Amino acid sequence: MQYRIATVIPVYLTLYTICFFGAFLLRFEMVMDRELLQVFYRSLPYVLAVKLAIALVSAEWKRSFRYATLTDLAHIGISTTCAAAILYSINLEFMSNLVGQQIPRSIILIDWVLSIPVLGGVRSSSRIYGEVIRPLFKKADKTRALVYGSAPDSIEILRAFQRADSEYQIVGLVDRNARKQGHIIAGLRIYSGRPGWVELSHSLNVTHILIPASVAGREVRDIINDCADSNIKIQVIPSVGDVVDGVYQLKVRDVTVSDLLRREPNQLDSSQIGKYIAGKRVLVTGAAGSIGSEICRQVLEFQPRSLALLDQSEFGIFQMEQSLQGLYSSNIDVQFIIADVTNTARVQTVMKEFQPELVLHAAAYKHVPLMEDNIPEAIRNNVFGTKNMVDLADEVGVERFILISTDKAVKPTSVMGSTKLVAEKYVSSASAWSKTHFVTVRFGNVLNSAGSVVPTFRRQIEAGGPITVTHPEINRFFMTIPEAVQLVLQAGALGSSGDIHILEMGEPVKIVDLAKDMIKLSGMRYPDDIDIVFTGLRPGEKLYEDLFYDLEEQATKVHDKIFCANCTNPVQLEMERDIKMLAEAMDMPNEEARTVLAKIVDAYVSAGVRDEEPAKAA
């Protein structure tokens, strides 16, 4: 710091002198007689003393030259004005006694006018050199690129690249809004892309378009399709907010399938979520799974008193222990527990020792075709694992219990969906006899979950294809894992005990379109490089998934992306009868267990479908 002061003070004293002398020259039309020179020399030490005192008091020397901002320029204006005001007051009262006569008041005014642009120019010179002049000599070895959009995120990214010594030379912005064409931002022109991306890439000699990570997935897909015939590479740059928060570095990456399905950011009520998480003891089951692990990460952001991660997978818990290191403060007690939710005695011990106030139950078997061949185990895990957690939550006095459910529980044609429907019903029924607040959250597929289509397609592409899709018309609802968990936590704060909350999933996506997008993102073409083969629907699989039963279609919207279903809870005696039948089915052969499960589920489905029509398997 002492070296900075030693450099700044002489520079500023020189500039103050130049401005003060320049004021005399301008005031007296470049003619300085001996008398005026004497006034200048006699008053100069006092002028310098006042200005230097103001600069030192305002810590002017601490402000960076390389990263000067408008705030710094405004600060120069304020400090210069203060100095001028003090000089004016001294001039009226004391200057005659100090130097023999007053400084002409116009000199003080002109000095003030000169000082602001001179000091501001010097203050900005380092940044002008770094962002404007130096890049002019480094263009040859840089990749020419456009930034997509003219929204605040795009502008901030543009400025970040201009400040950084990046491998990219940003030559302009491109925006679909034709009315913005020709406008200039940060010295760069906005292009519309209307003439065509091939023509634009040739005229500007650009090879890349950089898209902010905040751009909606539909727009990203449109850009990729528009640029398919050009040599432009589409890449994604993290938003400045993510960089500031430490989530990402300012580094360009390739477009992923998550970018194609990204939606507008969720508007969460963090204070509402924090009320039931902050300072609480939280238990997450299935904590090593795709959803469970993200729940743990997001719960930690709300500063719980303690967090218990429970899963039957030793390796999964080990991975979570490693991945969470350094992500939470030392005052949060994080426990890693290996246990099976179907083991009543073990889970009871855990619940009594940990005394959770909030339970998020994500543990479940989710693989549809596998569960068709292992029905007793699907019943044991998905139904009785949930029953154990519900009963023990009531026993130890858990305040709030959130069940993670699936759209496959709506008019189910699979064993997995059927068992999750029974789990939904049991959780809802518990609200009638327990003081615990029970909530079920139902949503569709999440991207990149273990065993989902995205990792499967990725492996098939890496192997050279073909990609296997069950049916050309099959579609699914998709959501990114972080978005789903955000809404799960928000839903947990809403409604009454026994409610079923359904997440708004947007438009369903055709699986074949998803496969084609992934081929395109890998730099290959369909069907020239990678083909798609249709294999037929698998056991238990539907062409279309539903999020609502017929009687739930008038669901109340309790949040921008959350609905509360209008449903009736099952009669307690009927629920107990069904649970008893399923307990016996766990010891039956596969097909006999299927019969028992189907009989119970058919009654649930009929109660939720108008005219008691059986569920359509399409």
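The values are calculated or read from the model by the stated rules, or taken from the named source; none is laboratory data. These numbers were taken from a predicted model, which means no experiment stands behind them. Here Cβ is always computed from backbone atoms with ideal geometry, including for glycine, and neighbour counts include all displayed protein chains. Ligands, DNA and RNA are excluded from the accessible area calculation, which covers all protein heavy atoms including side chains. Shrake-Rupley method; radii C 1.70, N 1.55, O 1.52, S 1.80 Å.
Using the Cβ atoms and a cut-off under 14 Å, what net charge is assigned to the surroundings of ARG27, where Lys and Arg are +1 and Asp and Glu are -1? Display every interim value, and only then the final one.
Numbers: positive: ARG105; negative: GLU29, ASP33, GLU35, ASP111.
Summing Lys/Arg as +1 and Asp/Glu as -1 gives -3.
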Would you tell me the accessible area of TRP433, worked out with a 1.4 angstrom probe on the heavy atoms of the protein chains, in Å² to the nearest 10?
100
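Of ASP531, ASP602, which has the most accessible area with a 1.4 Å probe, and how do the rest follow in descending order? Show your work: numbers first, answer last.
Values: ASP531 70, ASP602 90 Å².
So the residues, ranked largest to smallest area, are ASP602, ASP531.
Would you mind getting the accessible area per residue of the range 311-402, heavy atoms of the protein chains only, 1.4 Å probe, in Å²? Can you show the working numbers first?
Numbers: 4140 Å² over 92 residues.
About 45 Å² of surface per residue is accessible.
If you roll a 1.4 Å probe over the chain with all protein chains in place, what percent of the accessible area is carbon or sulfur? Don't skip to the answer; put the middle values down first.
Values: 15700 of 29350 Å².
About 53 percent, which is the carbon plus sulfur part of the accessible surface.
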If each residue of separation counts as 0.36 nm, what is the full-extension length gain between LEU56 and GLU462 once their alpha-carbon separation is subtracted?
139.9 nm
How big is the range 419-538 in terms of Cα radius of gyration and Dmax, in angstroms?
18.6, 61
Roughly how much of THR595 is accessible, in Å² to the nearest 10, using a 1.4 Å probe?
90
Which order, highest average first, do 340-348, 143-151 follow once you tally other Cβ atoms within 10 Å for each residue and take the mean per peptide?
143-151, 340-348
Shape descriptors of the range 375-445 over alpha-carbon atoms, Rg and Dmax in angstrom, are 12.0, 36
Normalised by the number of residues in the chain, what is the relative contact order in percent for Cα pairs under 8 Å and 6+ residues apart?
9
Under Stokes-Einstein, the chain at 25 °C and 0.890 mPa s, with its Kirkwood radius over C-alpha pairs, diffuses with a coefficient in µm²/s of 83
The range 428-468: radius of gyration and largest Cα-Cα distance (Dmax), Å:
19.1, 56
What share of all Cα pairs of the range 323-366, in percent, falls into each consecutive 10 Å distance bin?
20, 48, 29, 4
The range 341-415: radius of gyration over Cα atoms, expressed as a fraction of 2.2 N^0.38 Å:
1.19
Output the relative contact order of the range 416-511, whole-number percent, from Cα pairs under 8 angstrom with separation of 6+ residues.
42
Taking K and R as +1 and D and E as -1, what net charge do the other residues with C-beta under 13 Å from the C-beta of SER313 add up to?
-4
Could you tally the net charge around ILE273, taking each other residue with its Cβ under 15 Å from the Cβ of ILE273, Lys/Arg +1 and Asp/Glu -1?
-2
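Remind me, what semi-axes does the range 284-375 give for its equivalent ellipsoid, largest first in whole Å, using sqrt of 5 times each Cα gyration tensor eigenvalue?
Working: eigenvalues 112, 51, 25 Å².
Listed largest to smallest, the semi-axes of the range 284-375 are 24, 16, 11 Å.
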